[in-house]
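Participant: Just dropping this structure here.
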Protein chains: 2
Amino acid sequence: MKFTFKSVEGSIVAPQGFRAGGVFCDIKRLGTGKGSNKGPKRDMALIVSAVPCAAAGLFTTNQICAAPVKVCVPRVAKGQAQVVVVNSGNANACTGRQGMKDALAMVRLAEKALNLPDGAALVGSTGRIGVTLPMENIRSGIEAAAGVLGSTPDHAAHAAEAIMTSDSRPKQIAIEFRLGGRPVRLGGICKGAGMIQPGMSVTGGRPAAAPAGLHATMLAFLTTDAAIEARVLRAALQEAVANSFNRITVDGDMSTNDTVLLLANGVAGNERLSAGTPRAKPPIRARDLATFQAALNLVCLELAKMIVRDGEGVHRVVTVRVSGAETFADADAAARAVANSALVKTSWHGGDPNWGRIIDALGYSAARIVESKVDIGYSAAGSRQILWSLRRGQPTSATFKELCAAVAPTEFDLHIRLNLGKASAIMYAADLTEHYVDFNKGDVTDPTSLGG
Amino acid sequence: MKFTFKSVEGSIVAPQGFRAGGVFCDIKRLGTGKGSNKGPKRDMALIVSAVPCAAAGLFTTNQICAAPVKVCVPRVAKGQAQVVVVNSGNANACTGRQGMKDALAMVRLAEKALNLPDGAALVGSTGRIGVTLPMENIRSGIEAAAGVLGSTPDHAAHAAEAIMTSDSRPKQIAIEFRLGGRPVRLGGICKGAGMIQPGMSVTGGRPAAAPAGLHATMLAFLTTDAAIEARVLRAALQEAVANSFNRITVDGDMSTNDTVLLLANGVAGNERLSAGTPRAKPPIRARDLATFQAALNLVCLELAKMIVRDGEGVHRVVTVRVSGAETFADADAAARAVANSALVKTSWHGGDPNWGRIIDALGYSAARIVESKVDIGYSAAGSRQILWSLRRGQPTSATFKELCAAVAPTEFDLHIRLNLGKASAIMYAADLTEHYVDFNKGDVTDPTSLGG
């Protein structure tokens, strides 16, 4: 299928019928002015649809999951919402009963500020773990954000800024494509930076099968004006997240707060994509479903890659492509072992094509590996022209200088072929730098600097 | 049982009937003089008994295991040996058929140089992966080492130096204790530093159940003049390693070469500890077995801790004590998740008592965790006086300043109680520093600097 789209401005407010806003309300209680939409970095965002939306979401599979996740899961399960309220600076995680009360108060404050019924709001939080929310600041922030809502790219940018923690820049995207001849838009914002190796599911909490599991909080909020039934939306989001946000790692630590939410308000007026839509005929509907999936895959993958590129201290981004595994579980385990090996990640930082460390990590992974079958090579990002350093377990004639040149770019692909089967997996990974260590060792003389 | 011992000098040559030697033979081919026992750091060691020994060994469970491991496993399985030959500077890993030929040539060269029969030698290698051994240097090194054997503490120290790679200092210990009234000695040397999270088994290679699995090469060579049957020796070594070398992690990367070898030559003349020895009666034999086990546990644990303390870039050593898990597998998974979390390790480096990152790591581990039951606290190393930061999932009244003071020492204990069952596990872990990253990113302008 050929998927045609164009990039547009405005991320989450690019789709019709959405407004957004972001303000500073001093969640970290630094003592500076509250409720301003100027001044210090914003820390409270609202994303609002003019009409009720179909809603879908995926949440961290960490067993320790934050109050906003616990509040969102049953709300999203109902498949409908109209507003998302998000704060940075405090994760509202490990905050016990008070945390649950506060998260519920947040959604009610948002619903009240916007004159929406109970159940209309979803919530996300990111920042420090183990500290209860400053509810006075939350209240004033939500009221202020409700007062500055709008649909310009600036409004979206303010929301994108408000959800940032250690991110160095806001992360936004929007595209336009056609469903049944009508223009439809899909946009998103996200944040990441550290404690990043999401493994999200629809229900959150303990997964049926635990992910190889490692992550900083990542949050992503997506909007579309497509008309689509909630359960179709959820299936589409699961597929998109499985191949994007759940395939990234910065430091292998999975957060207590990872959340992806998607609101679809139907304002574009396309023929509604419903669960009853036959995949085969009438063919036009199957094509529309495939088109929407392609759009969602693209937006999620681009946002996920932005998180890795802006990971704490990250200098190089490496796409680890494992193929030829016996099972997907093997391919996944092999890719994650390499992507999270401290020795492999430091060698990437050093521009060192150290295949010894790579095959060592493959060997201790849970994947079945046969030394005499392993191929390891490098290519430019997205290229199929591979420079092999190892074929069938034996070093090739590639010189050290040639291999160094292959791993010198700030983005490159690492190709690992196990040659045992047909399963494959990709991880979007990052190097490990002195800057990551320096940033995360924190400054104990300034406890507010110590993030979750 | 009360175990009484005294420390003695000479590590591996402290037991009667053992000699050792270490020389420089330029394994890295830096071009400096070979076969000298002065000059650059030694890189070839021999440890020799005057008489045949009972032998036991444990080996990396990495599926990619080095040629010396493959050569040792079947030899050790026979339960007898008399000499160990070890080189640093080259791991002889991922070297294919040539690597196997070279490892076999090493044992034969050692046997020949000492006029010992085929099968008498065991072998260990550590250093760069994927480069074949310089056999001319190996040959001259073995011959030179055989010419400088002796039983003084200096001889042991030379061997301890010869097995070092990125270690900053040699690691040695020896103790004397009594078996059936006779004085018996047990000594050992080891090396570690990076690629350290061993998970060793008797057979090496793929384990029945893969370890949580993460490691630099660690090598340990132990000698004793106790009289003990090989299968008793093996069982004792398995127990000791399970509670020492297999409980340490520096960077979570498991090596292709991890090896622990133990030779027992019986020269002390104690009543032979045999598999036929009843554990219960006559009580004196059971007591001797228990005494030998206590001695071996102590020596292995002290050596294992030396590896963590001298890990690459390590500033702080943390003993992670998980208790109250439902199963040992849960306790082990919880302890390893915390011990290998990049965020937890950087917080230790920063002297930051960040329990949020600790409970986050517990939550994404494979262990079952209930947030409202978790206790997290700190004590001085080995102390039971615990300062709790979290009880039953709730922050205690301990102040940030008090908690910072608890994690300020270069060694402290982290206590995690899951309060779900009775299983426990310990990991001896290290912080993650800028120095580790700087060291391991290497220098691509000097490929000889790039270790395995």
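The values are calculated or read from the model by the stated rules, or taken from the named source; none is laboratory data. Model, not experiment: these values are computed from the prediction. Quick reminder, even Gly has a Cβ in these numbers, built from the backbone with ideal geometry, and neighbours come from all protein chains shown.
Participant: Consider A:Ser365 carefully, then state whether it is crowded, with 24+ Cβ neighbours inside 10 Å, among the hydroxyl-bearing types (Ser, Thr, Tyr) and over 17 Å from A:Tyr428 (Cα atoms).
Facilitator: Numbers: crowded, with 24+ Cβ neighbours inside 10 Å: yes; among the hydroxyl-bearing types (Ser, Thr, Tyr): yes; over 17 Å from A:Tyr428 (Cα atoms): yes.
In short, yes.
Participant: Among all residue pairs at least 6 apart or on different chains, which show Cβ distances below 8 Å where the first residue, located in the range B:1-17, is in contact (Cβ under 8 Å) with a residue 24 or more places away in the chain and part of a helix (DSSP H, G or I) and the second is surrounded by fewer than 21 Cβ atoms within 10 Å (Cβ to Cβ) and hydroxyl-bearing (Ser, Thr, Tyr)?
Facilitator: B:Val13/B:Ser151; B:Val13/B:Thr152
Participant: Within the range A:4-39, can you find the residues that are surrounded by fewer than 14 Cβ atoms within 10 Å (Cβ to Cβ) and modelled with pLDDT under 90?
Facilitator: Passing the criteria: A:Leu30, A:Gly31, A:Thr32, A:Gly33, A:Lys38, A:Gly39.
Participant: Using the structure shown, decide if A:Ile248 is among the hydrophobic types (A, V, I, L, M, F, W, C), over 25 Å from A:Arg75 (Cα atoms), modelled with pLDDT of 95 or more and under 17 Å from the mean Cα position of the chain (by Cα).
Facilitator: Details: among the hydrophobic types (A, V, I, L, M, F, W, C): yes; over 25 Å from A:Arg75 (Cα atoms): yes; modelled with pLDDT of 95 or more: no; under 17 Å from the mean Cα position of the chain (by Cα): yes.
When the stated conditions are applied, A:Ile248 does not pass them.
Participant: Check the range B:371-394 and report whether any residue there is facing chain A (nearest Cβ under 10 Å), assigned to a strand (DSSP E or B) and more than 23 Å from B:Thr327 (Cα to Cα).
Facilitator: So far as the range B:371-394 goes, yes, one or more of its residues are facing chain A (nearest Cβ under 10 Å), assigned to a strand (DSSP E or B) and more than 23 Å from B:Thr327 (Cα to Cα).
Participant: If you don't mind, there's one more thing I want to ask. With the range A:74-193 as the region, which helices (runs of 4 or more DSSP H) entirely inside it contain at least 1 residues that are within 14 Å of chain B (Cβ to nearest Cβ) and touching a helix residue (DSSP H, G or I) at 6+ places or on another chain (Cβ under 9 Å)? Full working, then the answer.
Facilitator: Working: elements: A:96-113, A:135-146, A:153-162.
Fully inside the range A:74-193 and qualifying: A:96-113.
Participant: A further question follows. Being on the phi < 0 side of the Ramachandran plot, out of contact with any Leu (no Cβ under 6 Å at 6 or more places or on another chain) and outside any helix (DSSP H, G or I) is the requirement here; does A:Leu403 meet it?
Facilitator: Values: on the phi < 0 side of the Ramachandran plot: yes; out of contact with any Leu (no Cβ under 6 Å at 6 or more places or on another chain): yes; outside any helix (DSSP H, G or I): no.
For A:Leu403, the condition - on the phi < 0 side of the Ramachandran plot, out of contact with any Leu (no Cβ under 6 Å at 6 or more places or on another chain) and outside any helix (DSSP H, G or I) - is not met.
Participant: Something else: Being in a loop (DSSP other than H, G, I, E, B) and closer than 22 Å to B:Ala240 by Cα is the filter; apply it to the range B:54-64 and report the residue that is farthest from the other protein chains (Cβ to nearest Cβ). Talk me through it step by step, then tell me what you get.
Facilitator: To start, the set of residues in the range B:54-64 that are in a loop (DSSP other than H, G, I, E, B) comprises B:61-64.
Add one more test, that the residue is closer than 22 Å to B:Ala240 by Cα, and what stays is B:61-62.
Working: B:Thr61: 8, B:Asn62: 4 Å.
Residue satisfying both the conditions and the ranking: B:Thr61.
Participant: Of everything in the range B:214-243, what is surrounded by fewer than 24 Cβ atoms within 10 Å (Cβ to Cβ) and either modelled with pLDDT under 70 or not in a helix (DSSP H, G or I) (or both)? Give them in sequence order.
Facilitator: Across the range B:214-243, the qualifying residues are B:Ala227, B:Glu229, B:Asn243.
Participant: If you check B:Leu149 against the conditions, is it at pLDDT 95 or above, buried (at least 24 other Cβ atoms within 10 Å of the Cβ), in the same structural domain as B:Asn90 (by TED's automatic domain parsing) and closer than 22 Å to B:Asp26 by Cβ?
Facilitator: On the way: at pLDDT 95 or above: yes; buried (at least 24 other Cβ atoms within 10 Å of the Cβ): no; in the same structural domain as B:Asn90 (by TED's automatic domain parsing): yes; closer than 22 Å to B:Asp26 by Cβ: yes.
In short, no.
Participant: Farther than 24 Å from B:His435 by Cα, more than 26 Å from the chain's Cα centre (by Cα) and surrounded by fewer than 22 Cβ atoms within 10 Å (Cβ to Cβ) - does that describe any residue in the range B:341-362?
Facilitator: No, the range B:341-362 contains no residue that is farther than 24 Å from B:His435 by Cα, more than 26 Å from the chain's Cα centre (by Cα) and surrounded by fewer than 22 Cβ atoms within 10 Å (Cβ to Cβ).
Participant: For the range A:311-327, state whether one or more residues are among the hydrophobic types (A, V, I, L, M, F, W, C), at pLDDT 95 or above and in a helix (DSSP H, G or I).
Facilitator: Here is the first cut: in the range A:311-327, the ones among the hydrophobic types (A, V, I, L, M, F, W, C) are A:314, A:317-318, A:320, A:322, A:325.
Now drop any that are not at pLDDT 95 or above, which leaves A:317-318, A:320, A:322, A:325.
Next, from what is left, pick out any that are in a helix (DSSP H, G or I): none.
Checked against the condition, which is being among the hydrophobic types (A, V, I, L, M, F, W, C), at pLDDT 95 or above and in a helix (DSSP H, G or I), the range A:311-327 yields no hits at all.
Participant: Considering only residues of the range B:315-331 that are more than 14 Å from chain A (Cβ to nearest Cβ) and closer than 13 Å to B:Gly421 by Cβ, which is surrounded by the fewest Cβ atoms within 10 Å (Cβ to Cβ)?
Facilitator: B:Phe328
Participant: Then there is this: Please work out if B:Leu109 is in contact (Cβ under 8 Å) with a residue 60 or more places away in the chain and crowded, with 18+ Cβ neighbours inside 10 Å.
Facilitator: On the way: in contact (Cβ under 8 Å) with a residue 60 or more places away in the chain: no; crowded, with 18+ Cβ neighbours inside 10 Å: yes.
Considered against the rule, which asks whether it is in contact (Cβ under 8 Å) with a residue 60 or more places away in the chain and crowded, with 18+ Cβ neighbours inside 10 Å, B:Leu109 comes out as no.
Participant: Oh, and also: If I filter the range B:127-146 down to residues being at pLDDT below 95 and crowded, with 18+ Cβ neighbours inside 10 Å, which single residue comes out as nearest to B:Ile47 (Cα to Cα)? Spell out the reasoning first.
Facilitator: Residues of the range B:127-146 that are at pLDDT below 95, as a first pass: B:127-132.
After this cut, where a residue has to be crowded, with 18+ Cβ neighbours inside 10 Å as well, the list is B:127-131.
Working: B:Gly127: 19, B:Arg128: 23, B:Ile129: 24, B:Gly130: 26, B:Val131: 25 Å.
Per the criteria, the residue is B:Gly127.
Participant: What residue, among those in the range B:160-182 that are closer than 28 Å to B:Thr95 by Cβ and in contact with a Leu (Cβ under 7 Å, 6 or more places away or on another chain), is surrounded by the most Cβ atoms within 10 Å (Cβ to Cβ)? Explain how you work it out, then say what you get.
Facilitator: Of all residues in the range B:160-182, those closer than 28 Å to B:Thr95 by Cβ come to B:160-168, B:170-171.
Next, from what is left, pick out any that are in contact with a Leu (Cβ under 7 Å, 6 or more places away or on another chain): B:163, B:171.
Details: B:Ile163: 29, B:Lys171: 24.
If we take residues in the range B:160-182 being closer than 28 Å to B:Thr95 by Cβ and in contact with a Leu (Cβ under 7 Å, 6 or more places away or on another chain), then B:Ile163 is surrounded by the most Cβ atoms within 10 Å (Cβ to Cβ).
Participant: Within the range B:114-139, work out how many residues are in contact (Cβ under 8 Å) with a residue 60 or more places away in the chain and either charged (D, E, K, R) or touching an Asp or Glu at 6+ places or on another chain (Cβ under 6 Å) (or both).
Facilitator: Applying the first criterion (in contact (Cβ under 8 Å) with a residue 60 or more places away in the chain) to the range B:114-139 yields B:114, B:120, B:122, B:124-130, B:133-134, B:137-138.
Those still in the list that are either charged (D, E, K, R) or touching an Asp or Glu at 6+ places or on another chain (Cβ under 6 Å) (or both) too: B:120, B:128, B:133, B:137.
Qualifying residue count, the range B:114-139: 4.
Participant: Would you tally the residues in the range B:342-367 being facing another protein chain (nearest Cβ under 7 Å) and farther than 17 Å from A:Ile64 by Cβ?
Facilitator: Within the range B:342-367, residues that are facing another protein chain (nearest Cβ under 7 Å) and farther than 17 Å from A:Ile64 by Cβ number 6.
Participant: Across the range A:406-446, which residue is nearest to the other protein chains (Cβ to nearest Cβ) among those that are among the charged types (D, E, K, R), touching a residue at least 24 places away in the same chain (Cβ under 8 Å) and in a loop (DSSP other than H, G, I, E, B)?
Facilitator: Keep residues of the range A:406-446 that are among the charged types (D, E, K, R), which gives A:411, A:413, A:417, A:422, A:431, A:434, A:438, A:441, A:443, A:446.
Now drop any that are not touching a residue at least 24 places away in the same chain (Cβ under 8 Å), which leaves A:411, A:413, A:417, A:422, A:431, A:434, A:438.
Checking the rest, the ones that are also in a loop (DSSP other than H, G, I, E, B) come to A:422, A:431.
On the way: A:Lys422: 20, A:Asp431: 8 Å.
Looking at residues that are among the charged types (D, E, K, R), touching a residue at least 24 places away in the same chain (Cβ under 8 Å) and in a loop (DSSP other than H, G, I, E, B), I get A:Asp431.
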